[in-house]
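Novice: Before I ask anything, here is the structure I am working with.
The values are calculated or read from the model by the stated rules, or taken from the named source; none is laboratory data. This one's a predicted model, so the numbers in the text were calculated from it and none came from an experiment. Cβ atoms come from the backbone with ideal geometry, glycine included; neighbour counts cover every protein chain shown. Quick note on the areas: whole protein, heavy atoms, side chains included, nothing else; ligands and nucleic acids left out. Shrake-Rupley method; radii C 1.70, N 1.55, O 1.52, S 1.80 Å.
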Amino acid sequence: MSERIQVWDVPTRVFHWSMVLSFCGVFLTSESERYRDIHVMLGYTMLGLIAFRVLWGFMGTRYARFASFLFTSGEVLTYVSALARGRAERYVGHNPAGSVAIWLLLFLIIGSGASGVLLFQDIGGDMMEELHEVLSFAMLAVVAVHIAGVVVSSILHRENLVSAMISGTKEAAPEAGEERSYAWLGVIMLLAVVTFWAGYSALSAMAPAEFAGHAEQRDDDD
Amino acid sequence: MSRINTLLVLLLVVMSGLAVQPACAETFGQFMAEFARSAKSSPGFQSFSAANGEQFFKSTHGNEWSCASCHTEDPANSGKHAKTSKVIKPLAPLVNPERFTDPTKVEKWFKRNCNDVLARACTPQEKGDVLTYLLTIGK
Ligand code: HEM
Ligand code: HEM
């Protein structure tokens, strides 16, 4: 017995696709001084999004909760070896292998964002610069694995996981469903992101000097 | 317990990626020699020119910024980042001896900033001209 049920609530989906957008932007602007302010703005956005996601991991709906995708190493190994034989079990929420990538991403977003903020405040010297770069490129690598995993899993179980992350729904037994969508919260998140972008751009265009403070440009003082 | 273990292993994997690179110091003379060696491989190279370097430094090259947009018209002075307004220490090695000592930094900033100013990498000729110009400042 299966029907169309909701798996991903609205805040989780808004979180995900805002993260994808910000992540692409943050990388496209990382190698240039001209786009330094946009890079920083998008980095802050990712930190804001992740702060929400951490709360949502405890307070959110069924499949958004950390407990629903915190697997033991045994479970991950069992899943991976089944996957190698092409017989991986289907999970309605995150599968054990996918969840490894997701945990890594969550940690890397925090690490990369935090090191970026410190770097921008001229704390930590060359070490911080190195750290920010290494964590960011580690994240890029995990994103590649994450996308490959989504593709493989979609093919294996003949379901489109990308459209499930857009619509929030999957085919599954009715009792696996999650009723609450928290659409209002998703709307608030979207508004918050857009307001932040508009406000930040306006401020940095108006008064760049006051805005950035008078800290020394990193990297030229050591 | 084993859930905690999984997380620990993940963290360790991330941390082990953080190899620290050894820094090796050089002098501006070595950079000059390096630029000259690379420049000689292109046909028509004669020598580096401080005048060309100055001209290059102070003009725009298709984009809105020149080198001087951030480093000012006088590289003996502290500059100001054209985007974030952060202070940039003087570029002239005789004024600021920390300049042109770390190959990683020199390469990184030439790459990044030439891209912003010229929308391409700087040639060895251009780098040599600029360094020659910078060495005339603060004598
Ligand atoms: C275009 C590229 C991407 C696609 C197509 C994609 C697709 C997906 C899909 C389908 C899921 C659900 C996985 C499942 O069914 O178990 C998912 C989850 C997730 N993705 Fe992505 N993803 C992309 C890029 C990213 C990026 C760039 C990041 C972070 C930097 C990211 C972070 C996450 C996280 C944290 C989750 C877990 C969602 C949650 O429970 O909150 N993804 N992604
Ligand atoms: C969380 C997502 C972030 C990612 C994925 C990211 C990624 C990157 C990457 C790839 C670079 C280029 C590194 C290099 O090649 O040298 C970079 C540089 C930089 N980032 Fe981020 N960043 C993020 C967040 C931030 C934040 C929040 C800030 C500041 C508040 C920031 C400030 C900087 C600065 C100042 C640089 C230039 C570093 C330098 O002098 O080399 N970043 N970032």
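Novice: How much net charge surrounds A:SER167 when only other residues with a Cβ under 15 Å from its Cβ are counted (Lys, Arg +1; Asp, Glu -1)?
Specialist: Net of charged neighbours comes to -2.
Novice: For the range B:69-139, what is the accessible area per residue in Å², given a 1.4 Å probe and the full set of protein chains?
Specialist: 44
Novice: I'd like the distance separating the alpha-carbon centroids of the range A:137-187 and the range B:114-139, in whole Å.
Specialist: 50
Novice: Okay, next question. Does the range B:23-134 come out rounded, prolate or oblate by the C-alpha gyration tensor, with a ≥ b ≥ c the root eigenvalues, rounded set by a/c under 1.5 and, if not, prolate when a/b is larger than b/c and oblate if not?
Specialist: oblate
Novice: If you average the sequence gap of Cα pairs under 8 Å that are 6 or more apart and divide by the length of chain A, what percent do you get for the contact order?
Specialist: 36
Novice: How big a patch of accessible area, both sides summed and in Å² to the nearest 100, lies buried between A and B at a 1.4 Å probe?
Specialist: By this definition, chains A and B bury close to 3300 Å².
Novice: Okay, moving on. Take the solvent-accessible surface of the protein heavy atoms, probe 1.4 Å, and return the percent of it on the range A:5-57 that carbon and sulfur atoms account for.
Specialist: Carbon and sulfur: 79 percent of the exposed surface of the range A:5-57.
Novice: For chain A, find the longest principal axis of its Cα atoms and tell me its angle to the long axis of helix A:73-84, 0 to 90°, nearest 10.
Specialist: Value to nearest ten degrees: 70.
Novice: Which shape class applies to the range A:38-80: rounded if a/c is under 1.5, otherwise prolate when a/b exceeds b/c and oblate if not, where a ≥ b ≥ c are the square roots of the Cα gyration tensor eigenvalues?
Specialist: Note, shape of the range A:38-80 comes out oblate.
Novice: If the elastic network links every pair of Cα atoms under 10 Å, which of A:GLY186, A:GLY98, A:GLY74 fluctuates the most in the Gaussian network model of chain A?
Specialist: A:GLY74
Novice: Next up: Label the protein assembly as shown by shape, choosing from rounded, prolate and oblate, from the square roots a ≥ b ≥ c of the eigenvalues of the Cα gyration tensor; if a/c is under 1.5 it is rounded, and otherwise prolate applies when a/b is larger than b/c, oblate when it is not.
Specialist: Prolate.
Novice: Sticking with this one: Enter the angle in degrees (range 0 to 90, nearest 10) between the Cα long axis of helix A:36-59 and the first principal axis of the Cα atoms of chain A, meaning the one along which they spread out most.
Specialist: That works out to roughly 40 degrees.
Novice: Would you tell me the mean number of C-beta atoms belonging to other protein chains that fall within 10 Å of each C-beta in A:32-39, as a whole number?
Specialist: Mean shielding by partner chains, rounded to a whole number: 5.
Novice: Quantify how strongly other chains surround peptide B:75-85 by giving the mean number of their Cβ atoms within 10 Å of each of its Cβ atoms.
Specialist: Average per residue, whole number: 5.
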